[in-house]
Amino acid sequence: MTPDRRPSLALLAVLQYDPRARARVVSALSREHELAMCSRWDELCRAVAERPVEGCVVDPYAPYGFVSLLALRRLRQRHPTLALIIYADFHGRELQLFHLGRLGANATIMAGRDDSPAALRRIVAAALAESVASVVATALRGCVPDAELQLIQWVVEHAHDRPRVRDLAVRFGSSPATLNARLRTARLPTARRLLIWGRLLRGAQWLEDRGRTVDGIAYQLGYANGAGFRRALRRCADVTPMQVAGSGGLQMVLDEFVRTAIADGDERCPRWRRTRPQRWPPSHEPAAAAH
């Protein structure tokens, strides 16, 4: 099967009232993502609850029907892996940027300033990656030192960029040898092994989406084909893509990462529990993911 070469294939729910900004979103993102265009806040919330939405692009400052910070916070609490992107005119509302950052928005886009098509695509891609990385970081907080936790989060967040050990070392201001020594001290896998786990954790989240294929996920993560991704999952987590897609997703692979990659399966690491239902019943075989 030919790998799916579209960069992300995420389903995004969009609530944008301004016609010009709405057109920019469609023009910039419709070739790389599936867009669920919403006209009201309750429609967006229903889409997130009922469909495999990975990210939201929201304008909370409509001339009518403002979306409150409380409503945005509730959305974030109910769907912690959801990428929340605020795209709005912040003229006269600059203080809101601070509040949006505190409630956990993954990105803010200022209409008319940083909303070129290239910027929109870049910001949305980064936000989609960050939302998964933040869940991993939350699950590991308390059993991994803060500095190394930031490193793991970066690895997951940039898995789709296919970083190498040298890139990771440069990002954290050290040589590959020094970085590996630091990881050994923290009782963590080598940098090369962490990069593999970063890909597997991102891939596990994507496998929850029944619309993706194993070959497509493998290509996006830098594998030559689906067989390479399958081997990595089997070797590191002792599971198949079908098992991950049907029952567990990110939770399954994250639990295995804690058990096998962090020294002695550190008991201080809390097991992350899903806060939203599986996207389809476990008994339903996700045919698309089986290819």
State all residues of the stretch 156-205 that are touching a Ser or Thr at 6+ places or on another chain (Cβ under 9 Å) and among the aromatic types (Phe, Trp, Tyr); if no residue qualifies, say none. none
Every residue in the stretch 8-20 that is surrounded by fewer than 20 Cβ atoms within 10 Å (Cβ to Cβ), at negative phi and hydrophobic (A, V, I, L, M, F, W, C), please. Leu11
Can you tell me which residue among Val136, Val132 is touching a Ser or Thr at 6+ places or on another chain (Cβ under 7 Å) and under 30 Å from Ala191 (Cβ atoms)? Val132
Checking Val132 against (1) without any contact (Cβ under 8 Å) to a residue 12 or more places away in the chain; (2) not assigned by TED's automatic domain parsing to the domain that holds Ala191, only one condition comes out false. Which one? (1)
Does the stretch 136-147 contain at least one residue that is in contact with an Asp or Glu (Cβ under 8 Å, 6 or more places away or on another chain), closer than 26 Å to Arg230 by Cα and not assigned by TED's automatic domain parsing to the domain that holds Leu70? no
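Inside the stretch 14-55, can you point out the residues that are polar (S, T, N, Q) and either closer than 19 Å to Asp114 by Cβ or in a helix (DSSP H, G or I) (or both)?
Gln16, Ser27
Does Leu72 satisfy the criteria of being crowded, with 20+ Cβ neighbours inside 10 Å, closer than 29 Å to Glu208 by Cβ and in contact with a Pro (Cβ under 8 Å, 6 or more places away or on another chain)? Working first, answer last.
On the way: crowded, with 20+ Cβ neighbours inside 10 Å: yes; closer than 29 Å to Glu208 by Cβ: yes; in contact with a Pro (Cβ under 8 Å, 6 or more places away or on another chain): yes.
Spelling it out, Leu72 is indeed crowded, with 20+ Cβ neighbours inside 10 Å, closer than 29 Å to Glu208 by Cβ and in contact with a Pro (Cβ under 8 Å, 6 or more places away or on another chain).
Can you tell me which residues in the stretch 201-227 are of a type in the set (Phe, Trp, Tyr) and farther than 18 Å from Glu32 by Cα?
Selection gives Tyr223 alone.
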Out of all the residues in the stretch 64-74, is one or more of a type in the set (Phe, Trp, Tyr) and touching a strand residue (DSSP E or B) at 6+ places or on another chain (Cβ under 7 Å)? no
Members of the stretch 38-65 that are surrounded by fewer than 15 Cβ atoms within 10 Å (Cβ to Cβ) and of a type in the set (D, E, K, R): Arg40, Asp42, Glu43, Arg46, Glu50, Arg51
Listed residues Ala159, Ala119, Ala111; which is over 22 Å from Ile262 (Cβ atoms), among the hydrophobic types (A, V, I, L, M, F, W, C) and within 19 Å of the chain's Cα centre (by Cα)? Ala119
So in the stretch 212-228, with the set limited to residues that are out of contact with any Asp or Glu (no Cβ under 8 Å at 6 or more places or on another chain) and over 18 Å from Glu157 (Cα atoms), which one is surrounded by the fewest Cβ atoms within 10 Å (Cβ to Cβ)? Ala224
Per the filter on the stretch 58-85, residues under 19 Å from Glu157 (Cβ atoms) and of a type in the set (A, V, I, L, M) are Leu82, Ala83, Leu84, Ile85
If I filter the stretch 238-248 down to residues being in contact with a Lys or Arg (Cβ under 9 Å, 6 or more places away or on another chain) and crowded, with 22+ Cβ neighbours inside 10 Å, which single residue comes out as modelled with the highest pLDDT? Pro241
Among the residues of the stretch 97-115, how many are without any contact (Cβ under 8 Å) to a residue 24 or more places away in the chain and either over 25 Å from Val136 (Cα atoms) or in contact with a Ser or Thr (Cβ under 8 Å, 6 or more places away or on another chain) (or both)? 6
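The values are calculated or read from the model by the stated rules, or taken from the named source; none is laboratory data. Worth saying up front: this structure is predicted, and the values here are computed from it rather than measured. So basically every Cβ, Gly included, is an ideal-geometry build from the backbone, and we count neighbours across all protein chains shown.
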